[in-house]
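Chemist: This is the structure I have questions about; it appears just below.
The values are calculated or read from the model by the stated rules, or taken from the named source; none is laboratory data. Keep in mind the model is a prediction, meaning the values are calculated, not measured. Here the Cβ positions follow ideal geometry from the backbone for every residue, glycine too, while neighbour counts run over all protein chains shown. Side chains included, ligands, DNA and RNA excluded: accessible areas come from the protein's heavy atoms. Shrake-Rupley method; radii C 1.70, N 1.55, O 1.52, S 1.80 Å.
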Amino acid sequence: MFAIVLHPAIRGEASTRLPEARLEEAVGLAAAINIKVIAEEIIQIGQPKPSTLIGGGKVEEIASFIETHKPKPGLVIVDGALTPVQHRNLEKAWNAKVLDRTALILEIFGARAQTAEGVLQVELAHLDYQRSRLVRSWTHLERQRGGAGFLGGPGERQIESDRRALDDKIVRLKKKLEDVRRTRTLQRAKRKKAPHPVIALVGYTNAGKSTLFNRMTKASVKAQDLLFATLDPTMRAIDLPSGVRAILSDTVGFISDLPTQLVAAFRATLEEVLEADVIVHVRDISHPDTEAQKADVLAVLRALGIEENDERPVIEALNKIDLLDDDDRQDLLAITRLKSEADAGEPVRIPMSAETGEGVSALFDAIEAALTEAHQEMVVRLSAPFGAARAWLHQRSDILDETPSGVDLVIKTRLSKKTEGQFFKLFPAATLANDADAAYKSA
């Protein structure tokens, strides 16, 4: 399908991005679902028109372009929010299908969702969006006649009947998604019983999360230079440098002005981030709007319930340094080194390239340091037979020392509160050794 992409730059509207960058992103969104863009334009708007958003002269100019251009564009993408009235009026004026930013993102998600859960989430978001726009779908909004023959009075409007049908469908979908949420909650509960920490990759769409996920796990998740290349969450086990096993989760990419319907619909998926032990924020450091993209990601995380003062460690993976020129690259490495030394309260920043593998080992080290930061040392006495308990500790904690004590074994180890609770629950015969333990003192 051939399309025109328009970005309305409204005077006085606060924005951290240049209109050119927003237009480029909108063109990328269109390309994500194989739409061929034949024209793109930034439209300066002094005062938005309630009926059409943009001025009448520009509406006529675009209508003339659509009529005379070969091939004729059948779609106009407006990179902004349109009211239902504006949507309807622009479609009438241009005699073409019109998508605003929300509708375009919903179309991409609808085309990309693979799992049953993803399809349900996208369908719910579509219905929420369409519900307020039924006026666009119906021109026969007359009342239906109630009763039989000519005796029945006026009944409900067609639009009211359709809205009720949509509401019923939304309720059914929400019930199905609630089942999905319960299933995910059970899965997370099982993972909590297992001592493996969870690491969640988050970031702006096309920041390189899936490429990094593949690099870290040696998996083959779809990774392309494309907005929203992957939607469905993927989880894999990885082994950290010390041999400790962890679970890595790749989540859906974020984007500026992410439709509220999608944040709500994908909450069951994004809740994986809420349960993560470490959050790795993957950033495209080569993008001119990287700081604005960071702000957008943090805004979505706040919408999920992760505040700035959240105690969980956050690591910023400054990805795509292979795309920087030598001067920018050296500047980034120097600034990152200085900030890491000066700003103790700031996230750890790791310059890296998921494409070439540069810096990935440093990222592994940073993840492991974040996971073990809250670990504490303790001395545990294991009664014979202690083989299973000893193997459990060797696999899931840092063993500092081992000392035989008769038929028992005294182990000095470093582990988290979570792992400590799991250990003593599984091996209740194990005890904490105290200072009077002569066997350990003599070691």
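Chemist: Of all the residues that make up the stretch 1-30, how many are in contact (Cβ under 8 Å) with a residue 12 or more places away in the chain and exposed (fewer than 14 other Cβ atoms within 10 Å of the Cβ)?
Modeler: Of the residues in that region, 4 qualify.
Chemist: State all residues of the stretch 102-122 that are outside any loop (DSSP other than H, G, I, E, B), open to solvent by 10 Å² or more (accessible area, probe 1.4 Å) and of a type outside the set (Gly, Ala, Ser); if no residue qualifies, say none.
Modeler: 102, 107, 112, 117, 119, 120, listed by residue number.
Residue by residue, here is whether (1) assigned to a loop (DSSP other than H, G, I, E, B); (2) of a type in the set (Phe, Trp, Tyr); (3) within 15 Å of the chain's Cα centre (by Cα); (4) closer than 23 Å to residue 248 by Cβ holds:
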{"position": "288", "(1), (2), (3), (4)": "yes, no, no, no"}
{"position": "295", "(1), (2), (3), (4)": "no, no, yes, no"}
{"position": "300", "(1), (2), (3), (4)": "no, no, yes, yes"}
{"position": "322", "(1), (2), (3), (4)": "no, no, no, yes"}
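Chemist: Would you mind finding the one in 415, 426 that is at negative phi and open to solvent by 60 Å² or more (accessible area, probe 1.4 Å)?
Modeler: 426
Chemist: Say whether the condition of being modelled with pLDDT under 75 and farther than 21 Å from residue 321 by Cβ is met by at least one residue in the stretch 277-295. First the steps, then the outcome.
Modeler: Applying the first criterion (modelled with pLDDT under 75) to the stretch 277-295 yields none.
No, that holds for no residue.
Chemist: Taking only the stretch 45-60 into account, find how many residues are surrounded by 14 or more Cβ atoms within 10 Å (Cβ to Cβ) and within 21 Å of residue 20 (Cα to Cα).
Modeler: Final tally of qualifying residues: 7.
Chemist: Consider the stretch 360-389. How many of its residues are in contact with a helix residue (DSSP H, G or I) (Cβ under 9 Å, 6 or more places away or on another chain), open to solvent by 60 Å² or more (accessible area, probe 1.4 Å) and not in a helix (DSSP H, G or I)?
Modeler: 2
Chemist: Now for a different question. Would you please name the residue that is farthest from the chain's Cα centre (by Cα), looking only at residues in the stretch 73-93 that are hydrophobic (A, V, I, L, M, F, W, C), open to solvent by less than 20 Å² (accessible area, probe 1.4 Å) and closer than 19 Å to residue 44 by Cα?
Modeler: 90
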